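S.K.: Can you keep this structure in mind? I'll have questions shortly.
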Amino acid sequence: MIRKLIVFCLFILGSQALFAQEERDFYLWQETGFGLKLDENYTFSFKAKVQYRANDNFRDFTYVDFTVLRRMNPWLNLGLSFRGAEIGKLSGNILEYRPQFLTGVHYKFGKVNCKSTNRIEYRTFSKGKAHFRYYHNIFIHFPSFPGCPKPYIGEELFTKLNNERLYLTRVYGGLHLLELDILKVDAYYVWQETKRNGQWRPSDVLGLNLKFVI
């Protein structure tokens, strides 16, 4: 697994050289999650994530999530979630409190597994105005070749439900490096664009996810 992770990171870091002439931020993300099946219909999950801006060794964002999901049928889940976050600012950190309602849809086309999440969030802050936000993602997981980890691709869209509209997009490419009954490990690259002052600014992300299942 370590060798696969090293090869994946070297590939992404090599890709960075192609964009070296462009001013852009580079981030490192690390997420750890725990999942607990309460019964055949209900599951509980906890996630903690840290995001670093590697350009200046700055912790940009930290959050914890608590989620309860109910399986409505074989392809639909409904859930309630709460997120507490700390947003890193040079002028001082800002706390965020975010209740969320989400739907999860999953379906298969042969050996290709597709998952999509839609989420309505109400974001409140210790400093700044509260607002509603709509989040959408879709991830496509492909079967692996013999001796290779399973690849996946995905997208995320973030839309503020005010005059700012769509302001953050992400495109993912990743690998499921380890898939056991109790532990799953993913490594991924994200091409991210953020809209600021009417201009879209690109950035790059390397991430690692660990998920423990009880």
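S.K.: May I ask you to verify whether R201 is of a type in the set (K, R), touching a strand residue (DSSP E or B) at 6+ places or on another chain (Cβ under 8 Å), free of Cβ contacts under 8 Å to residues at least 60 places away in the same chain and closer than 28 Å to G92 by Cβ? Spell out how you get there, then give the answer.
M.R.: Working: of a type in the set (K, R): yes; touching a strand residue (DSSP E or B) at 6+ places or on another chain (Cβ under 8 Å): yes; free of Cβ contacts under 8 Å to residues at least 60 places away in the same chain: no; closer than 28 Å to G92 by Cβ: yes.
When the stated conditions are applied, R201 does not pass them.
S.K.: Another question about this same structure. Only one of K108, K129 is in a strand (DSSP E or B), open to solvent by 70 Å² or more (accessible area, probe 1.4 Å) and without any contact (Cβ under 8 Å) to a residue 12 or more places away in the chain; which?
M.R.: On the way: K129 fails: in a strand (DSSP E or B).
The conditions single out K108.
S.K.: Quick one: which residue in F158, F101, F139 is within 30 Å of R196 (Cβ to Cβ), assigned to a strand (DSSP E or B) and open to solvent by 40 Å² or more (accessible area, probe 1.4 Å)? Steps first, answer last, please.
M.R.: Numbers: F158 fails: open to solvent by 40 Å² or more (accessible area, probe 1.4 Å); F139 fails: open to solvent by 40 Å² or more (accessible area, probe 1.4 Å).
None of the others qualify; the one that does is F101.
Condition check ((1) hydroxyl-bearing (S, T, Y); (2) touching a Ser or Thr at 6+ places or on another chain (Cβ under 9 Å)) across all residues:
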position: Y27; (1), (2): yes, yes
position: T43; (1), (2): yes, yes
position: F46; (1), (2): no, yes
position: Q51; (1), (2): no, yes
position: T67; (1), (2): yes, yes
position: N77; (1), (2): no, yes
position: S81; (1), (2): yes, yes
position: G84; (1), (2): no, no
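S.K.: Count, please, the residues in segment 77-98 that happen to be open to solvent by less than 80 Å² (accessible area, probe 1.4 Å), within 20 Å of the chain's Cα centre (by Cα) and hydrophobic (A, V, I, L, M, F, W, C).
M.R.: Within segment 77-98, the subset open to solvent by less than 80 Å² (accessible area, probe 1.4 Å) is 77-79, 81, 83-88, 92-96, 98.
Within this subset, residues satisfying the condition of being within 20 Å of the chain's Cα centre (by Cα) are 77-79, 81, 83-88, 95-96, 98.
The next check asks that each one be hydrophobic (A, V, I, L, M, F, W, C); those that pass are 78, 85, 87, 95.
Summing the residues that are open to solvent by less than 80 Å² (accessible area, probe 1.4 Å), within 20 Å of the chain's Cα centre (by Cα) and hydrophobic (A, V, I, L, M, F, W, C) in segment 77-98 gives 4.
S.K.: Give segment 140-171 a look and list any residue that's more than 20 Å from F109 (Cα to Cα), within 14 Å of the chain's Cα centre (by Cα) and not charged (D, E, K, R), or say none.
M.R.: Hits for segment 140-171 are L157, F158, L168, T169, V171.
S.K.: Do we have Y134 as among the hydroxyl-bearing types (S, T, Y), at negative phi and open to solvent by less than 30 Å² (accessible area, probe 1.4 Å) here?
M.R.: Working: among the hydroxyl-bearing types (S, T, Y): yes; at negative phi: yes; open to solvent by less than 30 Å² (accessible area, probe 1.4 Å): no.
Spelling it out, it is not the case that Y134 is among the hydroxyl-bearing types (S, T, Y), at negative phi and open to solvent by less than 30 Å² (accessible area, probe 1.4 Å).
The values are calculated or read from the model by the stated rules, or taken from the named source; none is laboratory data. No experiment lies behind these values; they were computed from the predicted model shown. Please note: Cβ atoms are built from the backbone with ideal geometry, for glycine as well, and neighbour counts cover all protein chains shown. When the accessible area is computed, the model is the full protein with side chains, heavy atoms only, and any ligands, DNA or RNA have been set aside. Shrake-Rupley method; radii C 1.70, N 1.55, O 1.52, S 1.80 Å.
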